[in-house]
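K.L.:
Right, I'll just put the structure down here and ask away after.
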Amino acid sequence: IGVIIGTAAVVTLVSLGDGLKKNATSQLWGINDLSSVQVYPGYPETSGPIDEKDIKKITPDTIKQFEGMPGVTKVIIKQMVNAGISIKLDQLETWASLTGVNLTDLSEMGVKARLGITDLSGKNTVVVGSAIKKNFYDPNQRPGDEPPEEPDLMGKILKVEVFKWTPDGQETRKTYRLEVVGVLEETRGEADYNMYMNFDEVNKINDWVAGKRVDYSKQGYNSVTVKATSPDVVIDLAKQISDLGFQAHTPQSAVQGINSFFTIMQVVFGGVGAIALLVAAIGIAN
């Protein structure tokens, strides 16, 4: 009976640790794409003011460099509208990032549409994240009034006001009317709070904000997503990008940390079960 209890304890505890590890990693896989690296411009480590020349910018030449790395299948450019944005639907207002990506279909990013489509080829159209509707508010709401219901955005026309300031401090606004052609499924990531638009259209808005055609070889893009062939090469790929001076983040690093934690837990659980087995063995020897 002692041997049976000790053996059962070892098997049960080790299996419990393995099951917890698989459960944690499977949930993380559902939240993030483990075969991608999020890349942002690199900033020098200094407590003083940062010279723009010291910032490692993501330029078109940089993107070509990323595309030439072993294990890279695609580089997705993400460029936000570099100005203040106000989004209105009837009497409601909200905020969100208006982002352009160099894709004709958002499905290439690994996201899916809950309603409508993920196509970005149309003009004056937008695909919104799942959390956008939750942030609408009534600016005229009085204290004690019930908050407004979450609007159904699918097929609606959003009034998007982009505003900038002139050198003498005067505010200038430009209004765009964008039709919602798709609502994304929840990702628990940045896609939930973004509004995605045709890449060229976002560049035109940024040209208006800057008052001239933006030269991205000098200014650089906000961020890119580097897609890898498999999660196995992501860690090495992120290290290569970091060595070039950029900020590189990947969910695979979190998975490695989780695996290490649960491996230690399995050893501890196995040790506890082994003690019970050793006690039983000593009893039999006696």
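K.L.:
Keeping to the range 134-165, report how many residues are of a type in the set (Gly, Ala, Ser) and either closer than 20 Å to Arg177 by Cα or open to solvent by 100 Å² or more (accessible area, probe 1.4 Å) (or both).
P.N.:
1
K.L.:
Across the range 105-129, which residue is nearest to Thr187 (Cα to Cα) among those that are among the hydroxyl-bearing types (Ser, Thr, Tyr) and modelled with pLDDT of 90 or more?
P.N.:
So, considering only residues that are among the hydroxyl-bearing types (Ser, Thr, Tyr) and modelled with pLDDT of 90 or more, the one nearest to Thr187 (Cα to Cα) is Thr118.
K.L.:
Right, another one. Identify, please: which residue in the range 182-228 is basic (Lys, Arg) and out of contact with any Ser or Thr (no Cβ under 8 Å at 6 or more places or on another chain) and is, among those, most open to solvent (accessible area, probe 1.4 Å)?
P.N.:
Only one residue tops the list, namely Arg213.
Each row is one residue, and each column tells you yes or no for (1) open to solvent by 40 Å² or more (accessible area, probe 1.4 Å); (2) among the aliphatic types (A, V, I, L, M); (3) over 26 Å from Asp236 (Cα atoms); (4) within 19 Å of the chain's Cα centre (by Cα).
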position: Pro60; (1), (2), (3), (4): yes, no, no, no
position: Glu67; (1), (2), (3), (4): yes, no, no, no
position: Val72; (1), (2), (3), (4): no, yes, no, yes
position: Ile77; (1), (2), (3), (4): no, yes, no, yes
position: Asp90; (1), (2), (3), (4): yes, no, yes, no
position: Thr94; (1), (2), (3), (4): no, no, yes, no
position: Ser97; (1), (2), (3), (4): yes, no, yes, yes
position: Asn102; (1), (2), (3), (4): yes, no, no, yes
position: Glu108; (1), (2), (3), (4): yes, no, no, yes
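Conditions (1) in contact (Cβ under 8 Å) with a residue 12 or more places away in the chain; (2) touching a Lys or Arg at 6+ places or on another chain (Cβ under 6 Å); (3) over 30 Å from Ser217 (Cα atoms), marked per residue:
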{"site": "Asp51", "(1), (2), (3)": "no, no, no"}
{"site": "Thr73", "(1), (2), (3)": "yes, yes, no"}
{"site": "Met80", "(1), (2), (3)": "yes, no, no"}
{"site": "Trp95", "(1), (2), (3)": "yes, no, no"}
{"site": "Asp119", "(1), (2), (3)": "yes, no, no"}
{"site": "Lys134", "(1), (2), (3)": "yes, no, yes"}
{"site": "Phe163", "(1), (2), (3)": "yes, yes, no"}
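K.L.:
Next question, about the same structure. Quick one: Ile282 ticks every box in (1) loosely packed, with under 14 Cβ neighbours inside 10 Å; (2) modelled with pLDDT of 85 or more; (3) not in a loop (DSSP other than H, G, I, E, B) except a single one, so which number is it?
P.N.:
With (1) loosely packed, with under 14 Cβ neighbours inside 10 Å; (2) modelled with pLDDT of 85 or more; (3) not in a loop (DSSP other than H, G, I, E, B) applied to Ile282, the lone miss is (2).
K.L.:
Would you confirm, using the coordinates I've provided, whether Val183 is touching a Lys or Arg at 6+ places or on another chain (Cβ under 6 Å) and on the phi < 0 side of the Ramachandran plot?
P.N.:
Against the criterion (touching a Lys or Arg at 6+ places or on another chain (Cβ under 6 Å) and on the phi < 0 side of the Ramachandran plot), Val183 qualifies.
K.L.:
Something else about it: Output the number of the condition that Glu171 fails; it satisfies all remaining conditions of (1) under 18 Å from Asp90 (Cα atoms); (2) touching a Lys or Arg at 6+ places or on another chain (Cβ under 8 Å).
P.N.:
(1)
K.L.:
Go through the range 24-46 and give me each residue that's open to solvent by 80 Å² or more (accessible area, probe 1.4 Å) and either at pLDDT below 70 or among the acidic types (Asp, Glu) (or both).
P.N.:
Passing the criteria: Gln27, Trp29, Glu45.
K.L.:
For Lys123, indicate whether it is open to solvent by 40 Å² or more (accessible area, probe 1.4 Å), part of a strand (DSSP E or B) and closer than 17 Å to Val81 by Cα.
P.N.:
For Lys123, the condition - open to solvent by 40 Å² or more (accessible area, probe 1.4 Å), part of a strand (DSSP E or B) and closer than 17 Å to Val81 by Cα - is not met.
K.L.:
Select the strands (runs of 3 or more DSSP E) contained entirely in the range 75-118, then report the ones holding at least 3 residues which are within 29 Å of Lys57 (Cα to Cα).
P.N.:
Counting at least 3 such residues, we get 84-89, 97-101.
K.L.:
With the requirement that a residue be in a loop (DSSP other than H, G, I, E, B) and hydroxyl-bearing (Ser, Thr, Tyr), what does the range 37-67 give you?
P.N.:
Tyr43, Thr46, Ser47, Thr59
The values are calculated or read from the model by the stated rules, or taken from the named source; none is laboratory data. Note that the structure is a prediction, hence the values are computed from the model and not measured. All Cβ positions, even for glycine, are placed from backbone atoms using ideal geometry, and neighbour counts span all protein chains on display. Just so you know, the surface numbers come from the protein's heavy atoms only, side chains and all, with ligands and any DNA or RNA stripped out. Shrake-Rupley method; radii C 1.70, N 1.55, O 1.52, S 1.80 Å.
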